[in-house]
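Visitor: Got a structure for you, questions after.
Every number here is computed from the coordinates shown, using simple stated rules; none is lab data. Quantities reported herein were computed from a predicted structural model and do not represent experimental measurements. For neighbour counting, all protein chains shown are included, and Cβ atoms are generated from backbone atoms with ideal geometry for every residue, glycine included.
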Amino acid sequence: MTAMIEINNAQKSFVMHLQGGIELPVVRGVSFHVEPGECVVLAGPSGAGKSSILKMIFGNYRCDSGRIGIRHQGTQIDLAKAEPRQILSVRRATIGYVSQFLRAVPRVATIDVVAEPLIANGVSRVEAREKSGQLLRRLNIPERLWALPPSTFSGGEQQRVNIARGFISDLPILLLDEPTASLDAANRAVVVELVDSKKRQGVAMVAIVHDDEIRHLIADRIVDVTSFAAAA
Amino acid sequence: MAETKMAETGNGDSDQPLLTAEGLGKSYGHLMACRDVSFALYPGEVLAIVGESGSGKSTLLQLLSAQLTPSAGSVSYRMRDGVMRDLAALGEAERRFLFRTDWGYVHQDPAMGLRMAVSAGANVGERLMAVGWNHYGRIRDTASSWLERVEIDTGRIDDAPRTYSGGMRQRLQIARNLVTEPRLVFMDEPTGGLDVSVQARLLDLMRNLVSELGLAAIVVTHDLAVARLLSHRVMVMKGGRVIETGLTDQVLDDPCEPYTQLLVSSILPA
């Protein structure tokens, strides 16, 4: 078994206690796997549960039942049942996540926001900042902005900072939630190149991409999420 | 790729807990301020205890830090020799060691944790003298480097904290606590009395110090944003009980209990 991600029959619903306890089914019967060096794109209309599936793989959303197998440090760990400490360890060493929106500590400089995941993994501050600068330059964030916190940046600039932060580590799994949504053509092309080089390094990726052209360029396989629709 | 990662097990993955609570409770006559709390805290882990006023979170912090005697259950702590000891059974010398060296306690009101009339340098140096430092020059150098670390102008080292602003006092209190390199720090609403702009700066500072020093911390806060920024794990308290617990982002983004859903949905958007 070589799959980096192996999901079997995962199910998720929300119970809204403030709305009279109504149950909102999100997905059920989610089953797919991702091999090293492969980019699987989740397809389906808005509300089909694509982002929820990514969040379940990251351990951000709980899983009601089923199994989310992640290859972590040579063994397979079931994130649906893992302890918080195990999930943190998986996030440090195995799974990176580029969320739709940047959530950063106020007042921290952009270059440090991007460098942080490396420093958390024991890379020296100098080396981490250097790598951070290279990625920011590649994503066309002008050097005069690096010392500023990203909160004042435009939507597209914030997204590129977020991408740099997600791509800076050498983690074997990467989850991408709409990484190109608010980028111009030049920057979309950079993201496609970054995804390609991660593939060559053997990174397993799961992505959500609405842009047909980008999807074509990065997807090795498409998983249609509508088949997991839980709404009866 | 996974194979190359195998060698480097994360340094925060220590498998032995630093502190454990079992069936912990405190009652005042009929009133149960806190009941049946059990958990384990590991080295380098930051745990937030959240809940509204009266939920029992401050009582719990006092029980965990041996400032209150429990009515039920026990708290154990791994001493530096690796042996787990029941806090209630510690001798006076061991308790003193914990309070002066191995633990820090950051109060919401810095005046509670500082001596307001003596200089900042003496406030930091005092903890060092309590553990046997006696070389004046070394104490002053260490105090001064800690002031720098918490972003206080070292030109103010001889001024008393009563001349400091609220944010500076809180940073000084943190320096005083961390100078002895404790393994565990308790924090009671550490950003509670501060302006929002000062809060952000302090949070960033605390976050960096905690991760650089590999500290374990237990932070009581009613502010979910503070819990999100600082903690790995969170316990939600209501009516003296822990009603929900888990990874911080999981509890805040996917809350299960009605009360947690209410807390999360009550945050005002900025």
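Visitor: Could you please state, rounded to a whole Å, how far the C-alpha centre of the stretch B:15-63 is from the C-alpha centre of the stretch A:4-20?
Guide: So the separation of the two Cα centres works out to 29 Å.
Visitor: When the Karplus curve 6.51 cos²θ - 1.76 cosθ + 1.60 is applied with θ = phi - 60°, which whole-Hz ³J(HN,Hα) does each residue of the stretch B:82-97 get, with x for Gly and Pro?
Guide: Rounded to whole hertz, the list is x, 8, 6, 10, 6, 4, 5, 9, 6, x, 4, 5, 5, 4, 4, 4.
Visitor: If you average the sequence gap of Cα pairs under 8 Å that are 6 or more apart and divide by the length of chain A, what percent do you get for the contact order?
Guide: 30 percent
Visitor: May I ask you to order B:196-208, A:16-28, A:145-157 by the average number of other C-beta atoms within 10 Å around their residues, highest value first?
Guide: Order by mean packing, descending: B:196-208, A:145-157, A:16-28.
Visitor: Which order, highest average first, do B:16-27, A:166-177 follow once you tally other Cβ atoms within 10 Å for each residue and take the mean per peptide?
Guide: Peptide ranking by packing, descending: A:166-177, B:16-27.
Visitor: Quick one: which residues, 5+ away or cross-chain, put their amide H under 5 Å from the amide H of A:GLY96? H built at 1.01 Å from N.
Guide: A:ILE173, A:LEU174, A:LEU175
Visitor: Right, here's the next one. Whose amide H sits under 5 Å from the amide H of B:LEU18, counting only residues 5 or more places off or on another chain, with H placed in the peptide plane?
Guide: B:LEU41, B:TYR42
Visitor: Tell me which residues come under 5 Å, amide H to amide H, from B:VAL131 once H is placed; ignore anything under 5 positions away on its chain.
Guide: Excluding prolines and chain starts, which carry no amide H, there are no hits.
Visitor: For the stretch B:216-230, take each phi angle, set θ = phi - 60°, evaluate the Karplus expression 6.51 cos²θ - 1.76 cosθ + 1.60, and give the result in whole Hz per residue in order, putting x for glycine and proline.
Guide: With coefficients 6.51, -1.76 and 1.60, one gets 8, 9, 10, 10, 8, 8, 9, 9, 5, 5, 5, 4, 5, 6, 9 Hz.
Visitor: Sticking with this structure for a sec: Ignore the peptide's own chain and count Cβ atoms of other chains within 10 Å of each Cβ in B:206-217; give me the average, rounded.
Guide: 1
Visitor: Let me ask you something else. Grab chain A and count how many Lys pairs have their alpha-carbon atoms under 17 Å apart, sequence gap of 8 or more, or different chains.
Guide: Taking chain A as the scope, the lysine pair count is 5.
Visitor: Can you list the HN-Hα couplings for the stretch B:107-112, worked out from phi with the Karplus curve (6.51, -1.76, 1.60; θ = phi - 60°), rounded to whole Hz and with x for Gly and Pro?
Guide: 7, 4, 9, x, 4, 6
Visitor: Averaged across the residues of A:82-89, what count of C-beta atoms belonging to other chains lies within 10 Å of each residue's C-beta?
Guide: Per residue, the average neighbour count from other chains is 6.
Visitor: What nm value, rounded to one decimal, do you get for the distance between B:ARG138 and A:ALA189 when each label is placed 7 Å out toward the C-beta?
Guide: About 6.2 nm separates the two model spin labels.
Visitor: Under the 0.36 nm per residue contour assumption, what length would be gained going from the current alpha-carbon distance of B:ASP158 and B:GLN16 to full extension?
Guide: 46.9 nm
Visitor: Could I ask something else about it? Counting only other chains, and only Cβ atoms inside 10 Å, what mean value do you get across the residues of B:243-253?
Guide: Across the residues of B:243-253, the mean count of other-chain Cβ atoms within 10 Å is 4.
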